[in-house]
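Enquirer: I'd like to ask you about the structure that follows.
The values are calculated or read from the model by the stated rules, or taken from the named source; none is laboratory data. What you see is a predicted model; the values in this text were computed from it and never measured. Neighbour counts are summed over all protein chains in view; Cβ atoms, including those assigned to glycine, are modelled from backbone coordinates with ideal geometry. Just so you know, the surface numbers come from the protein's heavy atoms only, side chains and all, with ligands and any DNA or RNA stripped out. Shrake-Rupley method; radii C 1.70, N 1.55, O 1.52, S 1.80 Å.
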2 protein chains.
Amino acid sequence: MLIVQKYGGTSMGDCDRIQNVANRVLETKKIGHSLVVVVSAMSGQTDTLIGYTKHFSKLPIEREVDMVLSSGERITSALLAIALDSMGYKSISLSGRGAGIITDGVHTKARIEYINTQKITDLLNEGYIVVVSGFQGVTEKGEVTTLGRGGSDLSAVALAGALNADLCEIYTDVDGVYTTDPRIEKNAKKINKISYDEMLELASMGAKVLLNRSVELAKKWNVPLVTRSSFTHDEGTLITTEENIMEKPIVSGIALDKNQARVSIANVQDRPGIAADIFGSLADNNINVDMIVQTIGRDGKTDIDFTISESETDLTKKVLDKFLDNVESIDYDCDIAKVSIVGVGMKSHSGVASAAFKALAKENINIMMISTSEIKVSMIINIKYSELAVRTLHSVYELDK
Amino acid sequence: MLIVQKYGGTSMGDCDRIQNVANRVLETKKIGHSLVVVVSAMSGQTDTLIGYTKHFSKLPIEREVDMVLSSGERITSALLAIALDSMGYKSISLSGRGAGIITDGVHTKARIEYINTQKITDLLNEGYIVVVSGFQGVTEKGEVTTLGRGGSDLSAVALAGALNADLCEIYTDVDGVYTTDPRIEKNAKKINKISYDEMLELASMGAKVLLNRSVELAKKWNVPLVTRSSFTHDEGTLITTEENIMEKPIVSGIALDKNQARVSIANVQDRPGIAADIFGSLADNNINVDMIVQTIGRDGKTDIDFTISESETDLTKKVLDKFLDNVESIDYDCDIAKVSIVGVGMKSHSGVASAAFKALAKENINIMMISTSEIKVSMIINIKYSELAVRTLHSVYELDK
């Protein structure tokens, strides 16, 4: 088997931990697998380096920021290669450039365009354990770029896809994906298998484990992903296609997202295209709109409610101020949370949503907005009921069993 | 003018110091000069990184060591470019690769083979201050290499040579070259101008300021070198061709080297080629022999005395043990020092050496070995008289005046 393993910043936190990673890598190597290992910078290192760049400028030139930030992974990848070599195994480190990872030119948040895998393939054929600096690539002109948050996961998934690897293992300090946040519900259970789509919907829980960018890429290239801990030998969570999951639970997990804000626009003038204008302006400013609810009033005027990321509230205000003449009022509410029930089994089971509504009503939790997809029901509630709602739903669907 | 400036690790020691370097760079830029700035890693950083590599192995693979070590200068060069940019000056950082510095493949102590200057020239023409990561290059195949001790100076001198720069300024925490070590002789004076050859002979003093590799390269490419402090505005020392120095002092400085050992081989058998065998074996083991004195005894047997670097004493013993059958004895003496009088003016003045012998005799300092060149007289003495000898000679040639 060809396996791509990725070790995060906590796993690579100091020399002793890198030695631990080397031991883990060799456990897999000794079974006879071929191995590409993608590593992050030592935890804290990237923040230190960002701090340096901010010392000189609030908006340091991003090309130079990438030169600085990419160093962290160069160091850890070379150190891991040294550790593996000293234990008697042929190993070599490759920077993003060396690994043939070609990106666009958007510094600090570049997208991988393609990967020249020839060099890695040659090295694997020669028996090397290939250690790749995560989080980075180069443009076709050879300029160093970084991939933004979760970039090392992305490097690993992209390499696994390009190399047609049998498995991509993401090692972190968390031992998998849980039915909900264990800090909220202590009876949360680790999920053994979950589909790409469910994982995407569980984003708010997954954020600590995997960003959506990586899951989307894994889905696109059909890469079986495992997320597990480098500090234990627990099995972790396999993220794969729905077809590979035999027993589909109705509900897989409960997600909570507190970083949402609700925008309520009252009495939007009855003029064609005004809603399109509003959402067009938001899109022009790269403001992501999540749930949208439009209600048509008796007099033909409409109310529009939608949610955005809380951190974009100020920008949204700025963008929407020009519409104040065309509406009665625009209100912003940051004291809300989104609770979501996720499960592929919903497709074939009715009554999932109504059980949620009933349970929340019983706890006197008012649902402000609802949106559903084939495998998800999301509800906006007052933020103060967040944890109670999560625990209630977790128990309603017997996820603790 | 095109000026290459190089700032060492102490000058780049933290963000505030990098800001200070940015200010210094702009002083030169504002006069209207074109500028290439070569930087070292933050002081201490390289040692930290070496420490990491040694954590896993006494002899870490050198290719990987180079990947680790080269990061330090990538970081500082990008930070300096950020600082300059934030002050309103177009600036860009280039790694060794980006700067077109092509080396051989001897990792951790590579030699520069040539420099592709096109990219730097283009950037200079566009008005950029070009900041180059010192101490590093790449092989023709693109493998990252580092240049060994003093590598950043070498990068600067080589770039100045390849770019045909008008001046190469080496900024350190020392304000120039002194007539002797000021810690030994408090009346030591800073030298304003000195020839390449004198600088090479003053190596033991110069080591703190400039390694011989850099001076040799500057001489070869006829690059005027200035060594000065980044913390003061003192003028520093200009190192240039002899022809550029109008007033040639008879003696420019007194050098002291305590890291020497004397090997005394008594009664070498009178067999043709045995001396060649001995020195051949030493050369095969890369042991540098400095001074050699051979005395022919009455019975045709000879005594051979020579000096080596003290750190190579153990290796030398190992190499010479096989000759013990052919000689009476081999003795090793580490309690010696080499004191040298250096000056281009000696060429045209007699009596320089005899003044030294007389002065040392007056202080009861026995001279064990003597060697001379056109511009130097070196003497081996007992190490305990080192400082006294330096002060005595410094005063004899009126270097404190």
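Enquirer: Among the residues of region A:168-192, count how many are out of contact with any Ser or Thr (no Cβ under 6 Å at 6 or more places or on another chain) and under 20 Å from A:L94 (Cβ atoms).
Expert: Residues in region A:168-192 being out of contact with any Ser or Thr (no Cβ under 6 Å at 6 or more places or on another chain) and under 20 Å from A:L94 (Cβ atoms): 2 in total.
Enquirer: Just give me the residues in region B:378-394 being without any contact (Cβ under 8 Å) to a residue 60 or more places away in the chain and more than 11 Å from B:K338 (Cα to Cα), in sequence order.
Expert: Listed by number, the residues that qualify are B:K384, B:L388, B:T392.
Enquirer: Of the residues A:K318, A:K347, A:K401, which single one is of a type outside the set (A, V, I, L, M, F, W, C), closer than 24 Å to A:I239 by Cα, part of a helix (DSSP H, G or I) and open to solvent by 60 Å² or more (accessible area, probe 1.4 Å)? Don't jump to the end; show me each part of the working.
Expert: Working: A:K318 fails: closer than 24 Å to A:I239 by Cα; A:K401 fails: part of a helix (DSSP H, G or I).
Just a single option satisfies the conditions, and that option is A:K347.
Enquirer: Going through region A:36-61 one residue at a time, which ones are over 25 Å from A:V21 (Cα atoms) and at the interface with another protein chain (Cβ under 10 Å from one of its Cβ atoms)? Show your work before the answer.
Expert: Of all residues in region A:36-61, those over 25 Å from A:V21 (Cα atoms) come to A:50-61.
Passing the criteria: A:G51, A:Y52, A:T53, A:K54, A:H55, A:F56, A:S57, A:K58, A:L59, A:P60, A:I61.
Enquirer: Under 20 Å from A:M379 (Cβ atoms) and not assigned by TED's automatic domain parsing to the domain that holds A:T28, is that true of A:L210?
Expert: Answer is no for this residue.
Enquirer: Quick one: in region A:40-72, of everything that is open to solvent by less than 20 Å² (accessible area, probe 1.4 Å) and of a type in the set (G, A, S), which residue is farthest from B:S91 (Cα to Cα)?
Expert: Only one residue tops the list, namely A:S40.
Enquirer: Going by what's in this entry, would B:N366 be described as open to solvent by 70 Å² or more (accessible area, probe 1.4 Å) and touching a strand residue (DSSP E or B) at 6+ places or on another chain (Cβ under 8 Å)? Explain how you work it out, then say what you get.
Expert: Working: open to solvent by 70 Å² or more (accessible area, probe 1.4 Å): yes; touching a strand residue (DSSP E or B) at 6+ places or on another chain (Cβ under 8 Å): yes.
Judged against the criteria, B:N366 is a match.
Enquirer: Let me ask something else. Could we say that B:V68 is at the interface with chain A (Cβ under 8 Å from one of its Cβ atoms) and either touching a Ser or Thr at 6+ places or on another chain (Cβ under 6 Å) or not in a helix (DSSP H, G or I) (or both) here?
Expert: Considered against the rule, which asks whether it is at the interface with chain A (Cβ under 8 Å from one of its Cβ atoms) and either touching a Ser or Thr at 6+ places or on another chain (Cβ under 6 Å) or not in a helix (DSSP H, G or I) (or both), B:V68 comes out as yes.
Enquirer: For region B:73-90, enumerate the residues that are more than 8 Å from chain A (Cβ to nearest Cβ) and open to solvent by less than 20 Å² (accessible area, probe 1.4 Å).
Expert: Of everything in region B:73-90, those that are more than 8 Å from chain A (Cβ to nearest Cβ) and open to solvent by less than 20 Å² (accessible area, probe 1.4 Å) turn out to be B:E73, B:T76, B:L80, B:L84.
Enquirer: Return the pair list, or none, for Cβ contacts closer than 6 Å from residues in region A:31-59 that are over 14 Å from A:S77 (Cβ atoms) and free of Cβ contacts under 8 Å to residues at least 40 places away in the same chain to residues that are aliphatic (A, V, I, L, M) and open to solvent by 40 Å² or more (accessible area, probe 1.4 Å), at least 6 apart or on different chains.
Expert: A:H33/A:M1
Enquirer: Of all residues being in contact with a Leu (Cβ under 7 Å, 6 or more places away or on another chain) and assigned to a helix (DSSP H, G or I) in region A:350-363, which is least open to solvent (accessible area, probe 1.4 Å)? Just the residue, please.
Expert: Initially, region A:350-363 is screened for residues in contact with a Leu (Cβ under 7 Å, 6 or more places away or on another chain), giving A:356, A:359, A:363.
Among the residues that remain, those that are also assigned to a helix (DSSP H, G or I) are: A:356, A:359.
Details: A:A356: 0, A:A359: 16 Å².
Ranking the qualifying residues of region A:350-363, first place goes to A:A356.
Enquirer: Only one of A:D173, A:D122 is at pLDDT below 95 and open to solvent by 20 Å² or more (accessible area, probe 1.4 Å); which? Give the steps one after another, and end with the answer.
Expert: Numbers: A:D122 fails: at pLDDT below 95.
None of the other options fit; the residue is A:D173.
Enquirer: Among what's in region A:280-314 and is more than 22 Å from A:I367 (Cβ to Cβ) and over 25 Å from the mean Cα position of the chain (by Cα), pick the residue that is most open to solvent (accessible area, probe 1.4 Å).
Expert: Of everything passing the filter in region A:280-314, A:R298 is most open to solvent (accessible area, probe 1.4 Å).
Enquirer: Which residue is nearest to A:V21 (Cα to Cα), if the candidates are limited to region A:216-231 and must be buried (at least 24 other Cβ atoms within 10 Å of the Cβ) and β-branched (V, I, T)?
Expert: Ranking the qualifying residues of region A:216-231, first place goes to A:T227.
Enquirer: Further question: Scan region B:16-32 and tell me whether some residue there is surrounded by fewer than 24 Cβ atoms within 10 Å (Cβ to Cβ), among the hydroxyl-bearing types (S, T, Y), closer than 24 Å to A:T46 by Cα and more than 10 Å from chain A (Cβ to nearest Cβ).
Expert: Within region B:16-32, not a single residue is surrounded by fewer than 24 Cβ atoms within 10 Å (Cβ to Cβ), among the hydroxyl-bearing types (S, T, Y), closer than 24 Å to A:T46 by Cα and more than 10 Å from chain A (Cβ to nearest Cβ).
Enquirer: Mind listing whichever residues of region B:194-215 are under 24 Å from B:R391 (Cβ atoms) and open to solvent by 50 Å² or more (accessible area, probe 1.4 Å)?
Expert: B:E201, B:K208
Enquirer: State all residues of region A:91-116 that are more than 11 Å from chain B (Cβ to nearest Cβ), open to solvent by less than 30 Å² (accessible area, probe 1.4 Å) and farther than 25 Å from B:L79 by Cα; if no residue qualifies, say none.
Expert: A:A99, A:G100, A:I115 - these are the residues of region A:91-116 that are more than 11 Å from chain B (Cβ to nearest Cβ), open to solvent by less than 30 Å² (accessible area, probe 1.4 Å) and farther than 25 Å from B:L79 by Cα.
Enquirer: Now a separate question. Across region A:329-375, what is the number of residues that are among the charged types (D, E, K, R) and closer than 27 Å to A:L315 by Cβ?
Expert: Filtering region A:329-375 for residues among the charged types (D, E, K, R) gives A:331, A:333, A:335, A:338, A:347, A:358, A:362-363, A:374.
Going one step further and asking which of them are closer than 27 Å to A:L315 by Cβ, we end up with A:331, A:333, A:335, A:338.
Of the residues in region A:329-375, 4 are among the charged types (D, E, K, R) and closer than 27 Å to A:L315 by Cβ.
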